[in-house]
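Heads up, the thing below is written out as structure tokens.
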Amino acid sequence: MGKSINEVGVEDIVRSGLKIEEAKDFERELKNAIGSAGGVEPKEIWREIAARKLLKPSHPHPLHQLIYYSVYRNYDESVHGPPLYWFPSLYQSKHTNLGRLMEYHGPRLLGPLYKDPISSFRQFQHFSVQHPEARPYSLIAILSEENVFAFHFNQLFDVFFQIYWQLILKELSIQFSVPPKCILDTSDKSKHGGTWLPGALLNIAHCCIQSNSYLNKHDDSLAIVWRDEDCDDHNVEHMTLKELREQVMLVANALDTTFCKGDPIAIDMPMTITAVIIYLAIVLAGFVVVSIADSFAPKEIATRLRVSKAKAVFTQDFIVRGGRRFPLYSRVVEAAPDKVIVIPATGKDVAVELRDQDLSWKAFLQSVSQLPRSNCYSPVYQPADAVTNILFSSGTTGDPKVIPWTQLSPIRCAADSWAHIDGQAGDVVCWPTNLGWVMGPILLYSCFLAGATLALYHGSPLGRGFGKFVQDAGVAILGTVPSLVKTWKSTHCMDGLDWTKIKSFGTTGEASSIDDDLWLSSRAFYKPVIECCGGTELASSYIYGNLLQPQAFGAFSSASMATGFVIFNENGIPYPDDQPCIGEMGLFPLYMGATDRLLNADHEEVYFKGMPIYKGRQLRRHGDILKRTVGGYLVVQGRADDTMNLGGIKTSSVEIERVCNRADESILETAAVSVSPPNGGPEQLSIFVVLKTGFSIKTDELKMKFSRAIQTNLNPLFKVAFVKIVPVFPRTASNKLLRRVLRDELKKELQIQSKI
């Protein structure tokens, strides 16, 4: 059962990995910390321990576990809310992006309700959602009014939403060739989400690569730092903003010699510095990026090329990982694209024979080598709702949903990162990802629009080489996915590295394990791990952690800024905002950056049909089941439909089952579900099987065959954790498969096993 913190002694500390003399010193300091905290309230005890830096990154993880779990040994979450591990100081809060904004504008906007960034955060977030109707008067004029309190408070609510976005546009150096008529126009009642920035013309990639004195973003500022996997002992490479701009413009000129404006052009390669340059160049030149993850099988690549109508693909000849080369060009060619432009993974020339219609990177750039000013380019300015990027999300059947990002989407994702993760000019930000997943574009825009430095490791993030890059590059914000943290923790590969320059972590893609986050946070003297949960179609996260509220492992402390939602019961009736509850979440539809169309599906049916009406507006479907705790913290409980989240990749049960049904001749049908382990952590894929009459096969053999089939036909990153043969599946009266029942049965079985 474990001990409470007051019962922990030298012997316990020794068993956790310290030598006897170290343990005695540690126990003495621990008792002093407990005494200073009053020795009763767990949150205050932990706050004191963390403030004193009693637990160090060099200490063995069992010691961190002993102290944290002992502090909260008798803690009642149903009364006090989730256990807290990080607490903002008033000084820190005022120096965050959002805190600085609140300190300057809060007193004028909220009047006597404003106290400080910590005390007033919830009110500031709440007001950022209120009554976002367009107004014909100047927002800047309102902000500068001496007598702002002469306005009726309801009028302030009406304009606050617009004021927030007006301020954010300035903070993110968004430059318009033609300014918007207003922030939001809701006059067209047929558009659930209204029209954002109507009349505006801009180029969001141009905003990324331009200097901005307000942000302290200059031509000689570091835009990107990187290191190749086989160069762990070399200096970190770097590129200034001016150098990035010139490279992007060079590629934009080359694109114009090959393609027609508006053409969709795919990127299927690791997120290298070259991939980032290509991405920005495509947007700068008025084309559309088609994002394809480099882990996909040829069949999945072909599907995405077909539904996006991509005219060409940028890719590499190989992917280099751990000293080994894995074919990529050949995989892309198998998908039969019209044209491929191939970048060498190493060296100056590609190491594969190309098709006649394909080009090497060198030949592609030579097309503009004779231009007198090949590194200068006039951006293509387009409306705010022009499509710049096509991404994909799995539907419940058939082709993936084709999700268009407009120029509003980068503004949204960068704004949320700026407010919640606090990327500032000069901060080095590293988040292992890929441009094929939504986190790739989010990372790119979040860095460049805020003036932060993007850090890229050209190799696998699983090993020590990546951790050393984080150390050597001076990373201030490190993004992760939980499965990656689990690997670092279990292999001890990061032991001895100095990550104390990190000021915050980010995590997204799947449910976090409390113990894994404990390990991660401890690497930097318990800096906050900011949880993020959203979707490709939202261009951001709708719930977040932040640096203005205390944080709890595996929980979200707030809706994102300017985001409103309700949690409703099975009858569609919303729970009160301050009530702990569990239910499906419905988003307020006025959501900057969210999709207003799908390119291959009915947007209305997917996101709005059948959703409840709240305060005169139909809620937007997202599909998450949320638990709201005492104190207003949020925990994701899973999906309302049968979409699964495997390693941060959303896929459907139907897609998995279609592949598994063909894995062996003994199979009659399969049902795919995913559940989190009893102690928390990422969802694990489980397959239930009904065999044909007269057939027999062992579950271990099925597990191997399912894994091979899924990794070959869908995604090599997916793993089967559990297989169970059952006589029949539970079904509704109309013969619909009840995966929910199977999921609940599996949860019970796993809970029983965990207690044995």
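A short reminder: the numbers here are calculations on the coordinates, not readings from a lab. Note that this is a predicted model, so its numbers are computed, not measured. No Cβ is skipped: glycine too gets one built from the backbone with ideal geometry, and neighbour counts run over all protein chains shown.
Calculate, in nm to one decimal, what Gln92 and Met704 gain on full extension: separation in residues at 0.36 nm each, minus their alpha carbon distance. Mind dumping the intermediate values first?
Numbers: separation 612, 0.36 × 612 = 220.32 nm, distance 5.11 nm.
Contour length minus Cα-Cα distance gives 215.2 nm.
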With the dipole of the chain worked out from charges on the C-beta (+1 for Lys and Arg, -1 for Asp and Glu) around the Cα centre, which of Ser295, His218, Gln166 lies farthest toward the positive end?
-> Ser295
Among GluC sites (Glu not before Pro) in region 487-596, those in a DSSP loop whose Cβ has at most 10 other Cβ atoms within 10 Å are Glu570
Cα centroids of region 426-483 and region 641-715: how far apart, whole angstrom?
-> 32 Å
May I ask for the net charge around Ala335, where only other residues with Cβ less than 10 Å from the Cβ of Ala335 are counted and Lys, Arg are +1 while Asp, Glu are -1?
-> +1
What is the magnitude of the charge dipole of region 642-755 about its Cα centre, with +1 placed on the Cβ of each Lys and Arg, -1 on the Cβ of each Asp and Glu, and no other charges, expressed in debye to the nearest 20?
-> 140 debye
If you take every DSSP beta bridge whose two residues both sit in the chain, what share of them, in percent to the nearest 5, is antiparallel?
-> 60 percent
Summed over the other residues with a beta carbon less than 14 angstrom from that of Ser78, with K and R at +1 and D and E at -1, the charge totals 0
Based on the mean of other beta carbon atoms within 10 Å per residue, what is the order of 458-469, 550-561, 214-225, most packed first?
-> 550-561, 458-469, 214-225
Sparse-neighbourhood loop hits (chymotrypsin sites (Phe, Trp or Tyr not before Pro), region 651-756; DSSP loop; Cβ within 10 Å at most 13 others) -> Phe695
Centre separation in Å (Cα based) which lies between region 271-339 and region 46-115 | 42 Å
P(r) tail fraction, region 642-755 - alpha-carbon pairs more than 17 Å apart, % = 53 percent
Just need the relative contact order of the chain here, percent rounded to a whole number, with Cα pairs under 8 Å and 6+ apart.
-> 12 percent
Ranking Gln684, Gln407, Pro264 by how far each Cα lies towards the positive end of the charge dipole of the chain (+1 on Lys and Arg Cβ, -1 on Asp and Glu Cβ), the top one is Gln684
Long pairs among Lys170/Lys261; Lys489/Lys719; Lys309/Lys362; Lys24/Lys503; Lys339/Lys719, criterion Cα-Cα beyond 22 Å = Lys170/Lys261; Lys309/Lys362; Lys24/Lys503; Lys339/Lys719
Ser360 long-range amide H proximity, modeled H, under 5 Å = Val342
Ascending count of other beta-carbon atoms within 10 Å, so fewest first, for His206, His603 | His603, His206
For the chain: rounded, prolate or oblate by the Cα gyration tensor [a/c cutoff 1.5] | rounded
In debye, nearest 20: dipole of the chain around its Cα centre with unit charges on the Cβ of K, R (+) and D, E (-)?
-> 740 debye
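Can you give the net charge of the other residues whose Cβ lies under 12 Å from the Cβ of Ile118, counting K and R as +1 and D and E as -1?
Charge balance in the 12 Å sphere: +1.
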To the nearest 20 debye, region 1-55 has a Cα-centred charge dipole, built from +1 on Lys and Arg Cβ and -1 on Asp and Glu Cβ, of 120 debye
